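Novice: The structure that follows is given in the form of structure tokens.
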Amino acid sequence: MVERVPWMAPVDYEILLFFDEHPIQVSPKVVAANIDYDRQYVGKRCGTLADAGLLESVGTGLYALTETGHAYLEGELDVSELEMEE
């Protein structure tokens, strides 16, 4: 089971799951269309997840799941490593 991180929004888990289930580089617009969330909000959250090291910004507005992101989803990551200033 994945431990909740205090700074994470409910959509963050869905974003990470999308990347885990689709190991491709995609834009927040594509993610938003597939998880039924606002495109701008998903874009903001992708940036936050990239700042935390869970996603990687691969340029030109595309993101991909990092090894850290995968470890988080597998429950293999100490979530204290994901603390960020809010």
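Novice: Give the accessible surface of the chain per residue, rounded to a whole number of Å², with probe radius 1.4 Å and ligands, DNA and RNA excluded.
Specialist: Per residue, the chain has 61 Å² of solvent-accessible surface.
Novice: Over the heavy atoms of Arg4, what accessible area does a 1.4 Å probe trace out, to the nearest 10 Å²?
Specialist: Its heavy atoms expose roughly 140 Å² to the probe.
Novice: Based on the alpha-carbon gyration tensor of the chain, what equivalent-ellipsoid semi-axes (square roots of 5 times the eigenvalues) come out, in whole Å, largest first?
Specialist: Semi-axes (√(5λ), whole Å): 19, 13, 12.
Novice: Roughly how many debye, to the nearest 20, is the charge dipole of the chain about its Cα centre, given +1 on each Lys and Arg Cβ, -1 on each Asp and Glu Cβ, and no other charges?
Specialist: 520
Novice: Rounded to the nearest 500 deg cm²/dmol, what is the calculated helix-only ellipticity per residue at 222 nm for the chain, with -39500 (n - 2.57) per DSSP H run of length n ≥ 4?
Specialist: -13500 deg cm²/dmol
The values are calculated or read from the model by the stated rules, or taken from the named source; none is laboratory data. Note that the coordinates shown come from a computational prediction; the quantities given were computed from them, not determined experimentally. Note that each Cβ is placed from the backbone with ideal geometry, even for glycine, and that neighbours are counted across all protein chains shown. Side chains are part of the model used for accessible areas, which takes the heavy atoms of the whole protein and leaves out ligands, DNA and RNA. Shrake-Rupley method; radii C 1.70, N 1.55, O 1.52, S 1.80 Å.
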